[in-house]
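**Q** Just passing along the structure, written as C-alpha cells.
The values are calculated or read from the model by the stated rules, or taken from the named source; none is laboratory data. Source: prediction; values computed, not measured. Glycine also receives a Cβ, built like all others from the backbone with ideal geometry; neighbour counts cover every protein chain displayed. All accessible areas refer to the heavy atoms of the entire protein, side chains included, with ligands and DNA or RNA removed. Shrake-Rupley method; radii C 1.70, N 1.55, O 1.52, S 1.80 Å.
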Amino acid sequence: LSGVCSSAVAWDLIDTNPVKAFDKRHIKEAPPRTSYPSNDDVRRLVERASPMVGRIVLFLAQTGMRQEEAVSLEWSQVSIPRREVRLTKTKTSAPRVVPLSDEALGTLLGTPRHPIGSYVFWNGDGRRYTSFSSQYRNLAVRAGVAWRCHDLRHRFASEFLQRTGDLPALQAILGHRTVTMTMRYAHMITAHLHEAMAK
C-alpha cells in the first residue's frame, strides 16, 4: 500500500497537462502580404474560363466577396439603383452590404439572367455553382496562375487600402468581426509615409 501511495504522490508531481506550459507568444505571426494577383493574372484567368466562371472571377476581384457569397448570390439581394449587394448568409452570420464599383456594377449588368433561375451566376439549367473551388483550381492550372481563389479577396483588400487608406470601411466591406483581421493589410497604407518624407 505504501508503494502504491508513494507512486501516486510521484505521479501527482508530474505535469500531465502540457497545454499549461504552452506560451503562444513563441508563435511567429505570418508575415503581412506584400503581393497579390495582378491585372494580368486576372486577365489570364478570365480568358481561359467559361463566360460565367470568368464573370465570377472578375466579381470576386472587384468586390472582395468570399467565394461562397458570390456563387450563392441571388438577384433579390442586388440593388442596381443603390449600387450595392446585401449579403444575408455570411461566414460570420452577420448580414452586410457590399457597395459596387463601376467595374463590379458593369460585371453584374453584363451577366445574363436565367429565365426562371434566381442566382446571379448560374450553371446549366439555372443552378448555382456547387464545386467552384475545384473548377477554379483547374482554371488556375490552365491559366498558369499560382494564386488561390481566396487571393482575389486579398487583392481587393490591398488595392482598396492603397487607394483609400480607410481601414474601418474595408472592415465593413469584407465583413471582418474585428479590425484586427483587417489590420493585416495596414502595411499597404503608405501615403502618410510619403507625406512625412516630403516634409
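**Q** Please enumerate the residues belonging to region 143-199 that are over 16 Å from the mean Cα position of the chain (by Cα) and either within 20 Å of Val46 (Cα to Cα) or among the acidic types (Asp, Glu) (or both).
**A** Scanning region 143-199 gives Ala143, Gly144, Val145, Ala146, Asp166, Glu195.
**Q** On to the next question. Tell me which residues, restricted to region 44-54, are open to solvent by 60 Å² or more (accessible area, probe 1.4 Å), part of a helix (DSSP H, G or I) and in contact with a helix residue (DSSP H, G or I) (Cβ under 9 Å, 6 or more places away or on another chain).
**A** Scanning region 44-54 gives a single hit, Glu47.
**Q** Is at least one residue of region 127-142 assigned to a loop (DSSP other than H, G, I, E, B) and touching a strand residue (DSSP E or B) at 6+ places or on another chain (Cβ under 6 Å)?
**A** yes
**Q** From the list Val145, Val120, Val141, exactly one residue is closer than 18 Å to Phe59 by Cα and out of contact with any Pro (no Cβ under 9 Å at 6 or more places or on another chain). Which is it?
**A** Val120
**Q** Among the numbered conditions (1) touching a Phe, Trp or Tyr at 6+ places or on another chain (Cβ under 6 Å); (2) open to solvent by 60 Å² or more (accessible area, probe 1.4 Å), tell me where Arg163 comes up short.
**A** (1)
**Q** Name the residues in region 65-87 that are open to solvent by 70 Å² or more (accessible area, probe 1.4 Å) and in contact with a helix residue (DSSP H, G or I) (Cβ under 7 Å, 6 or more places away or on another chain), would you?
**A** If the condition is that a residue be open to solvent by 70 Å² or more (accessible area, probe 1.4 Å) and in contact with a helix residue (DSSP H, G or I) (Cβ under 7 Å, 6 or more places away or on another chain), then Arg83, Arg86 are the ones that fit.
Residue-wise test of (1) in contact with a Ser or Thr (Cβ under 7 Å, 6 or more places away or on another chain); (2) closer than 17 Å to Met52 by Cβ.
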residue	(1), (2)
Phe132	no, yes
Val141	no, no
Val145	no, no
Ser158	no, no
Leu161	no, no
Leu170	yes, no
Arg177	yes, no
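**Q** Out of all the residues in region 143-193, which are out of contact with any strand residue (DSSP E or B) (no Cβ under 9 Å at 6 or more places or on another chain), assigned to a loop (DSSP other than H, G, I, E, B) and of a type in the set (Gly, Ala, Ser)?
**A** Scanning region 143-193 gives Gly144, Ala146, Gly165.
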